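The values are calculated or read from the model by the stated rules, or taken from the named source; none is laboratory data. What you are looking at is a predicted structure, and each value in this text was computed from that prediction instead of being measured. Heads up, the Cβs are rebuilt from the backbone with ideal geometry, glycines too, and the neighbour counts pull from every protein chain shown.
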There are 2 protein chains.
Amino acid sequence: VGNSVFKVTILGSSSAIPAYGRFPSAQVIQYANSNFLIDCGEGTQIQINRYKIKSSKIRHVFISHLHGDHYFGLIGLITTLNLLGRIEPLEIFSPKALKEIIRVQLDVSNLKLRFPLHFHSLEDNPNPILDTRFMKVYSFPVEHRIACWGFAFIEKEKERRFVKEAGARYGVPVSKIPNIKKGADFVAKDGTIIKNRALTIDPEKSRKYVYITDSRPIKNVPDFIKDANLLYHETTFLKDMNNRAFETFHSTTTQAGEFAKSLHAKSLIIGHFSAKYKSLDALILETKASFPNTELAIEGKSYPVD
Amino acid sequence: VGNSVFKVTILGSSSAIPAYGRFPSAQVIQYANSNFLIDCGEGTQIQINRYKIKSSKIRHVFISHLHGDHYFGLIGLITTLNLLGRIEPLEIFSPKALKEIIRVQLDVSNLKLRFPLHFHSLEDNPNPILDTRFMKVYSFPVEHRIACWGFAFIEKEKERRFVKEAGARYGVPVSKIPNIKKGADFVAKDGTIIKNRALTIDPEKSRKYVYITDSRPIKNVPDFIKDANLLYHETTFLKDMNNRAFETFHSTTTQAGEFAKSLHAKSLIIGHFSAKYKSLDALILETKASFPNTELAIEGKSYPVD
């Protein structure tokens with residue numbers, strides 16, 4: 001029994017001004033058979049086409065904040081999904097004002113969508129904003145010029161793995177396996193108690209993906225983002241632009257690397273690159289100096305969460 | 001004295017769903033030293049970068065109608081122009097509701113633009129909507145599901161061309177040349193009247209570009225669009241989709257070709273291609289059968305108006 005697919009595909013890696021062919025922020029999490037979209041800058045639907053992401057499988061969209069480079073592509077994606085015949089609801093997690101922005105644009109075009117949009121307003125809330133069969137999603141405030149949220153995608157604790165050979169040895173009937181996977185012991189016909197540990201092995205470890213942009217390095221770090229398998233953190237600027245990063249509520253390479261280290265993250269993707277930088281070489285080199293296991297966000301590339 | 005540059009560069013050629021790498025509607029007219037933008041679908045700013053159009057030289061934007069594939073890129077372009085330091089006003093000609101759509105999006109991001117936006121509401125109006133030193137721009141209603149406008153860009157009548165050699169022969173002082181270019185005769189020192197025709201040759205002919213999308217073939221054809229040097233007309237569908245074109249208020253290849261012929265246009269560009277068509281071969285072949293001097297709208301390609 002292998003793990004489900006859990007990977008992140010970058011659709012946009014640019015900060016506010018798209019430059020050098022780089023698109024504004026957007027990425028897709030593919031988990032098992034469903035897609036989560038995080039941020040949706042202008043042109044996201046074009047990138048979805050280009051990189052052959054199944055837009056019909058996107059059921060949940062998470063918008064970090066209402067600067068345009070993080071949401072201007074959403075209305076276009078919605079109208080295209082409608083033209084493609086979608087009927088399933090789309091769940092949108094975002095700051096509250098987005099609902100009105102989408103509504104006014106649908107209204108002027110006289111467009112009645114064939115599928116419902118469900119808006120979920122992001123607020124300071126320690127509970128999961130989404131709880132599916134396999135995954136909990138949390139939001140948390142980050143430090144930007146306007147209200148802005150990070151997201152954590154955390155696999156639920158998995159069931160113990162039943163060892164068939166052990167089951168055969170102790171005569172475990174199939175009907176008992178579900179409970180044993182949940183941790184129950186097994187009582188044999190002769191009354192002997194077979195401890196769960198003799199029948200199962202530990203579950204695969206739950207995996208965790210954390211997304212932070214746009215933000216200074218955050219000071220209030222929620223426990224649930226610690227030990228992330230994969231962290232996406234913005235590095236709008238090189239470290240020599242430290243003052244500019246502070247003033248504009250962004251982060252530098254060094255700050256992102258130090259933050260990943262403090263989080264005990266296993267690996268880091270950096271993105272949201274300023275239009276100042278044609279080459280990204282210096283950005284990756286500087287970040288690796290603080291956190292070696294770093295990769296650049298490259299559009300179209302997928303990064304496993306493991 | 002040559003003619004000023006007058007050309008159209010296609011930035012988007014797709015209908016509502018961007019497909020096969022084709023972007024939604026947008027194009028730039030370059031006239032002398034200024035750029036006019038017509039329609040501004042999602043990703044227009046990305047295409048402007050890609051094809052090295054000077055966005056700082058765009059002073060006028062014309063939006064045909066408020067279906068998203070014709071304006072979703074405008075807010076992104078505006079915020080990028082602001083980040084690039086623009087201070088010159090931007091004149092926007094569009095259906096009235098666009099102003100509110102732009103405002104609400106600027107408001108939520110807390111953005112005060114450093115340059116003014118001047119909105120001009122399109123109405124049924126026989127007068128030019130814009131009258132510059134060199135050009136008059138007219139709008140006219142076309143036939144779509146919601147209010148939609150075509151545009152005509154018509155060079156002003158030019159001055160007669162003064163022939164230096166003739167001027168020298170009759171002793172014309174420099175101070176008289178401006179009036180002679182406007183058609184005046186010249187009175188020599190001895191009282192002889194030198195007819196204007198002896199001093200000048202006919203001006204270059206005024207050129208005309210006409211833009212029509214999205215629309216059925218229009219029935220009320222304004223005189224000022226006749227004899228266009230270049231007509232852009234939508235061909236969303238092949239001719240076998242005649243019924244679908246009628247129902248959705250679009251045009252077929254054959255209709256566009258016939259319309260160009262009835263207009264006595266010199267040449268035709270077809271665009272706004274449905275996502276049904278991966279190859280555009282059948283679209284160009286069918287249109288050429290009615291109007292041979294036709295070209296496909298190819299993104300990044302420029303078409304002279306002459």
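Please go through the stretch A:171-183 and pick out each residue that is loosely packed, with under 15 Cβ neighbours inside 10 Å and in contact with a Ser or Thr (Cβ under 9 Å, 6 or more places away or on another chain).
Selection gives A:183 alone.
Within the stretch A:205-221, can one find any residue that is at pLDDT below 95 and out of contact with any Leu (no Cβ under 9 Å at 6 or more places or on another chain)?
Scanning the stretch A:205-221 turns up at least one residue that is at pLDDT below 95 and out of contact with any Leu (no Cβ under 9 Å at 6 or more places or on another chain).
Pairs, please: C-beta under 7 Å, at least 6 apart or cross-chain, first residue in contact (Cβ under 8 Å) with a residue 12 or more places away in the chain and in the stretch B:209-221, second part of a loop (DSSP other than H, G, I, E, B) and hydroxyl-bearing (Ser, Thr, Tyr)?
Pairs that qualify, where the first residue is in contact (Cβ under 8 Å) with a residue 12 or more places away in the chain and the partner is part of a loop (DSSP other than H, G, I, E, B) and hydroxyl-bearing (Ser, Thr, Tyr), are B:213/B:25; B:213/B:64; B:215/B:251; B:216/B:251; B:217/B:251.
Name, by its number, the condition in (1) within 10 Å of chain B (Cβ to nearest Cβ); (2) closer than 20 Å to residue B:101 by Cα that does not hold for residue A:117.
Going through (1) within 10 Å of chain B (Cβ to nearest Cβ); (2) closer than 20 Å to residue B:101 by Cα one by one, residue A:117 breaks only (1).
For residue B:199, all conditions in the list (1) surrounded by fewer than 20 Cβ atoms within 10 Å (Cβ to Cβ); (2) out of contact with any Leu (no Cβ under 6 Å at 6 or more places or on another chain); (3) in contact (Cβ under 8 Å) with a residue 24 or more places away in the chain hold save one; what is the number of the exception?
Unmet for residue B:199, out of (1) surrounded by fewer than 20 Cβ atoms within 10 Å (Cβ to Cβ); (2) out of contact with any Leu (no Cβ under 6 Å at 6 or more places or on another chain); (3) in contact (Cβ under 8 Å) with a residue 24 or more places away in the chain: (1).
Applying the selection to the stretch A:10-32, what residues are of a type in the set (A, V, I, L, M, F, W, C) and either at pLDDT below 95 or outside any loop (DSSP other than H, G, I, E, B) (or both)?
A:10, A:11, A:16, A:17, A:19, A:26, A:28, A:29, A:32
Out of all the residues in the stretch A:6-19, which are over 16 Å from residue A:212 (Cα atoms) and facing another protein chain (nearest Cβ under 9 Å)?
If we filter the stretch A:6-19 for residues that are over 16 Å from residue A:212 (Cα atoms), which is where we start, we get A:6-7, A:17-19.
If the condition is that a residue be over 16 Å from residue A:212 (Cα atoms) and facing another protein chain (nearest Cβ under 9 Å), then A:17, A:18, A:19 are the ones that fit.
For the stretch A:125-135, indicate whether the set of residues that are crowded, with 17+ Cβ neighbours inside 10 Å, closer than 30 Å to residue A:216 by Cα and within 14 Å of chain B (Cβ to nearest Cβ) is non-empty.
No, there is no match, as no residue in the stretch A:125-135 is crowded, with 17+ Cβ neighbours inside 10 Å, closer than 30 Å to residue A:216 by Cα and within 14 Å of chain B (Cβ to nearest Cβ).
Filter the stretch A:33-42 for residues that are in contact with a strand residue (DSSP E or B) (Cβ under 8 Å, 6 or more places away or on another chain) and either in a loop (DSSP other than H, G, I, E, B) or crowded, with 24+ Cβ neighbours inside 10 Å (or both) and give the result. Can you show your working first?
Kept after step one, since they are in contact with a strand residue (DSSP E or B) (Cβ under 8 Å, 6 or more places away or on another chain), are these residues of the stretch A:33-42: A:34-42.
The answer is A:36, A:37, A:38, A:39, A:40, A:41, A:42.
Of the conditions (1) among the polar types (S, T, N, Q); (2) touching a strand residue (DSSP E or B) at 6+ places or on another chain (Cβ under 7 Å); (3) within 14 Å of another protein chain (Cβ to nearest Cβ), residue B:45 satisfies every one except a single condition; which number is it?
Tallying (1) among the polar types (S, T, N, Q); (2) touching a strand residue (DSSP E or B) at 6+ places or on another chain (Cβ under 7 Å); (3) within 14 Å of another protein chain (Cβ to nearest Cβ), residue B:45 fails exactly one: (2).
So residue B:290 clears everything in (1) within 30 Å of residue A:111 (Cβ to Cβ); (2) in contact with a Lys or Arg (Cβ under 7 Å, 6 or more places away or on another chain); (3) not aromatic (Phe, Trp, Tyr) except one condition, right? Which one?
(1)
Could you list, in sequence order, all residues of the stretch B:81-108 that are surrounded by 19 or more Cβ atoms within 10 Å (Cβ to Cβ) and facing another protein chain (nearest Cβ under 7 Å)?
Across the stretch B:81-108, the qualifying residues are B:101, B:105, B:108.
Output the residues belonging to the stretch A:51-80 that are among the hydroxyl-bearing types (Ser, Thr, Tyr), buried (at least 22 other Cβ atoms within 10 Å of the Cβ) and touching a strand residue (DSSP E or B) at 6+ places or on another chain (Cβ under 8 Å). Outline the logic, then answer.
Filtering the stretch A:51-80 down to residues among the hydroxyl-bearing types (Ser, Thr, Tyr) leaves A:51, A:55-56, A:64, A:71, A:79-80.
Those still in the list that are buried (at least 22 other Cβ atoms within 10 Å of the Cβ) too: A:64, A:71, A:79-80.
The answer is A:64, A:71.
Restricting the first residue to the stretch B:282-300 and requiring it to be over 13 Å from residue B:14 (Cα atoms), which pairs with a second residue that is small (Gly, Ala, Ser) meet a Cβ separation below 6 Å and a spacing of at least six or different chains?
What qualifies is B:287/B:256; B:287/B:257; B:290/B:257; B:291/B:257; B:291/B:260; B:293/B:267.
Restricting to the stretch A:229-261, what's the tally of residues that are within 21 Å of the chain's Cα centre (by Cα) and basic (Lys, Arg)?
Going through the stretch A:229-261 one residue at a time, the tally reaches 1.
Are there any pairs with C-beta distances below 7 angstrom linking a residue in the stretch B:148-161 that is at negative phi to a residue that is aromatic (Phe, Trp, Tyr) and surrounded by fewer than 17 Cβ atoms within 10 Å (Cβ to Cβ), with the two at least 6 apart or on different chains, and if so which?
B:152/B:224; B:154/B:224; B:155/B:134; B:156/B:134
Cβ-Cβ under 6 Å, sequence separation 6+ or interchain: first residue in the stretch B:106-126 and within 16 Å of residue B:137 (Cα to Cα), partner among the basic types (Lys, Arg) and in a helix (DSSP H, G or I). Which pairs?
Close Cβ pairs (under 6 Å, with a partner that is among the basic types (Lys, Arg) and in a helix (DSSP H, G or I)) amount to B:119/B:99.
Run down B:22, B:50 and say which single residue is closer than 23 Å to residue B:144 by Cβ and either facing chain A (nearest Cβ under 10 Å) or without any contact (Cβ under 8 Å) to a residue 12 or more places away in the chain (or both).
Sole residue among the options that is closer than 23 Å to residue B:144 by Cβ and either facing chain A (nearest Cβ under 10 Å) or without any contact (Cβ under 8 Å) to a residue 12 or more places away in the chain (or both): B:22.
Can you run down the residue pairs with Cβ atoms below 6 Å, 6 or more apart or on separate chains, where the first is in the stretch B:245-264 and more than 19 Å from residue B:152 (Cβ to Cβ) and the partner is aromatic (Phe, Trp, Tyr) and outside any loop (DSSP other than H, G, I, E, B)?
B:245/B:237; B:252/B:237
In the stretch A:25-38, which residues are more than 14 Å from chain B (Cβ to nearest Cβ) and either in contact with an Asp or Glu (Cβ under 9 Å, 6 or more places away or on another chain) or small (Gly, Ala, Ser) (or both)?
Selection gives A:27, A:31, A:32, A:34.
Out of the residues in the stretch A:207-228 meeting the condition of being under 24 Å from residue A:274 (Cα atoms) and among the polar types (S, T, N, Q), tell me which one is farthest from the chain's Cα centre (by Cα). Explain how you work it out, then say what you get.
Step one: of the stretch A:207-228, the residues under 24 Å from residue A:274 (Cα atoms) are A:209-219.
Checking the rest, the ones that are also among the polar types (S, T, N, Q) come to A:213, A:215.
Values: A:213: 12, A:215: 16 Å.
Ranking the candidates gives A:215 first.
Can you pull out the residues in the stretch A:59-80 that are facing chain B (nearest Cβ under 7 Å) and part of a loop (DSSP other than H, G, I, E, B)?
Answer for the stretch A:59-80, where residues must be facing chain B (nearest Cβ under 7 Å) and part of a loop (DSSP other than H, G, I, E, B): A:66, A:67, A:72, A:73.
Are there any strands (runs of 3 or more DSSP E) wholly within the stretch B:84-157 with 1 or more residues that are over 15 Å from the mean Cα position of the chain (by Cα) and closer than 14 Å to residue B:60 by Cα, and if so which?
In the stretch B:84-157, B:90-94, B:117-121 are the strands (runs of 3 or more DSSP E) which contain 1 or more residues that are over 15 Å from the mean Cα position of the chain (by Cα) and closer than 14 Å to residue B:60 by Cα.
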